[in-house]
Amino acid sequence: MNIESSSRRALVTGASSGIGAATALRLTSEGWQVFAVARRAEKLEHLAEQEGIVPVVCDVTDAGQVASLLETVTEAGGIDTLINNAGGALGVDSVAQSSAEDWRWMYEVNVLGTLNVTQAFLPMLRAHGEGTVLNLTSTAGTVAYEGGAGYNAAKFGQHSLTSVLRLEEAEHNIRVIEVQPGMVRTDEFAAKRMRGDAAAAEKVYAGVEKPLVAEDVAEIITHAVTVPHHVNLDQIVVRPVAQAAQHKVIRKG
Ligand code: 8X3
C-alpha cells in the first residue's frame, strides 16, 4: 500500500460520504495521495476504486484504532496534511430537554475524535516541517441557536481546540485552518441529526433554492490546503447566499 512519494499527501477523516468523500475525491483529482478514513469498510468501497486513495478503517473516537491508523499511514509513507472532518449532530432539542447521551456522542466525535487524531499525527507533521491541520467545524461553532444545544457546545469546543492548536503549533511551522460551513445539503448530516426521520431531515432544506453541497466545501478545503504553506487561512466561514445568518434563511414556495 505504498503511495507515491512526490505528491502532497493528506488524511481525511469521515471520508465515507458528504464533505469528507468529496474532499478525498477533489484532492486526488488534483494529484494528491489521500488516506480516506471512516468507521465502516463497506462505506469506503466506492472510494477504494479511485486512484490515489487508500481507504483505512478507523473509529476516531477509539484511541487504540487511531494508534493503528498512525502505524498504517507511517508505513505507507506518511502525510503532510491532516483534515479532521469526522463529526456530526444529534437532535435539535432545547437545553432543557436534550439528553446527556446525545451531548456525549457529539462531544466524543467532534471534539475528542479531532483531539485523538491530531495528537497522534502531530509528531509526523512537525517532523515534516510544513504541516497542515484543517478542522471542519461549523458556523454552529461560533453562533448559538435555539435547538443547537449539544451540537453548539461540541462545535464551540472543537472551534476552541482549533484556535489553541494554531497558537501552539506555529513554532513548529504547522498551519491550522478552520473551515466553518453553514447549511450544506448532504445525504447524511440532517438524516443523522433527525434520527432517521426523512421528512424532518427534508424540512431542514425546505424552500432553500441552493444550499451548499459537499463539493462546494471540498473546493474551499482544497484551495485552503493548496495555497503556499506560509499562507494560513485561519477561519473560513462559508454559507449559501440564502442563509445570511443562522437565524435568517430565505425559503421560497
Ligand atoms: C451545520 C450547520 O447551521 O446546521 O454544521 O448548525 S448548522
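The values are calculated or read from the model by the stated rules, or taken from the named source; none is laboratory data. On a predicted model such as this, the values are computed, not experimentally measured, just so you know. Cβ: placed from backbone, ideal geometry, glycine included. Neighbour counts: every protein chain shown.
The table that follows gives values for the structure above.
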quantity	calculated
Per-region count, segment 136-155, residues of a type in the set (Phe, Trp, Tyr) and surrounded by 19 or more Cβ atoms within 10 Å (Cβ to Cβ)	1
Sole exception among (1) farther than 30 Å from Ala190 by Cα; (2) in contact with a strand residue (DSSP E or B) (Cβ under 8 Å, 6 or more places away or on another chain) for Asn135, by number	(1)
Unmet requirement for Gln180, which otherwise passes all of (1) surrounded by 18 or more Cβ atoms within 10 Å (Cβ to Cβ); (2) outside any helix (DSSP H, G or I); (3) more than 13 Å from the ligand (Cβ to nearest atom); (4) among the polar types (S, T, N, Q)	(3)
Which numbered condition Gly207 misses (of (1) among the small types (Gly, Ala, Ser); (2) within 15 Å of the ligand (Cβ to nearest atom); (3) touching a residue at least 40 places away in the same chain (Cβ under 8 Å); (4) more than 17 Å from Asn84 (Cβ to Cβ))	(2)
Set Ala190, Ala198: member being more than 15 Å from Trp103 (Cβ to Cβ), surrounded by fewer than 19 Cβ atoms within 10 Å (Cβ to Cβ) and of a type in the set (Gly, Ala, Ser)	Ala198
Where Arg104 falls short, out of the listed (1) closer than 25 Å to Leu134 by Cβ; (2) within 20 Å of the chain's Cα centre (by Cα)	(1)
Of all residues making up segment 161-177, the number that are under 17 Å from Val117 (Cβ atoms) and in a loop (DSSP other than H, G, I, E, B)	1
First in segment 131-157 and at pLDDT 95 or above, second anywhere and among the aromatic types (Phe, Trp, Tyr) and more than 10 Å from the ligand (Cβ to nearest atom), Cβ under 7 Å, 6 or more apart	Gly141/Phe156; Gly150/Trp103; Ala153/Trp103; Ala154/Tyr107; Gly157/Tyr107
Among (1) within 16 Å of the ligand (Cβ to nearest atom); (2) free of Cβ contacts under 8 Å to residues at least 60 places away in the same chain, the one test that Arg126 misses	(1)
Conditions (1) in contact with a strand residue (DSSP E or B) (Cβ under 6 Å, 6 or more places away or on another chain); (2) away from the ligand (no atom under 11 Å from the Cβ): number failed by Val217	(2)
Where Gly91 falls short, out of the listed (1) at negative phi; (2) touching a helix residue (DSSP H, G or I) at 6+ places or on another chain (Cβ under 8 Å); (3) more than 11 Å from the ligand (Cβ to nearest atom)	(1)
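Matching residues to (1) farther than 18 Å from Asn135 by Cα; (2) at pLDDT 95 or above; (3) touching a His at 6+ places or on another chain (Cβ under 7 Å):
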| site | (1), (2), (3) |
| --- | --- |
| Ser17 | no, yes, no |
| Thr23 | no, yes, no |
| Thr28 | yes, yes, no |
| Phe35 | no, yes, no |
| Leu47 | yes, no, no |
